[in-house]
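In what follows, a single structure is set out as structure tokens and then discussed.
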Amino acid sequence: MQEPVSEDVARGRWMAINAVRIAGVAMVIVGILGVRGVFEYPAFAGYVLIAVGLVDVFFVPMVMARKWRSPRE
């Protein structure tokens, strides 16, 4: 059975999960700006950024939290 992690490790993991969420939101915003023509790159790249950003916002934090979940007693 695993030992519980220290508060510093837990805080670092919490910050990593939130950093992934913030990066996902940033990708979605940049993707939307690319699709709207504010940035000069193909619209397809904007749609890809939107899709990857949404995965980063909704699914990757759940996977990280599940991997780092505290052991059940």
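We did not get these values from a lab; they are worked out from the coordinates using the rules stated. Here the structure is a predicted model, which means the values were calculated and not measured. Note that each Cβ is placed from the backbone with ideal geometry, even for glycine, and that neighbours are counted across all protein chains shown.
Odds and ends about this structure:
- Averaging Cα coordinates gives a centre for the range 41-73 and one for the range 8-38; these two points are 9 Å apart.
- Unit charges at the beta carbon, dipole of the chain: most positive-side option, ILE17, VAL60, GLY34: VAL60
- Of the trypsin sites (Lys or Arg not before Pro) found in the range 41-73, those that fall in a DSSP loop while having at most 16 other beta-carbon atoms within 10 Å are ARG69, ARG72.
- Report summary: the helix-based calculation at 222 nm, which adds -39500 (n - 2.57) for every DSSP H run with n ≥ 4 and divides by the residues of the chain, gives -25000 deg cm²/dmol.
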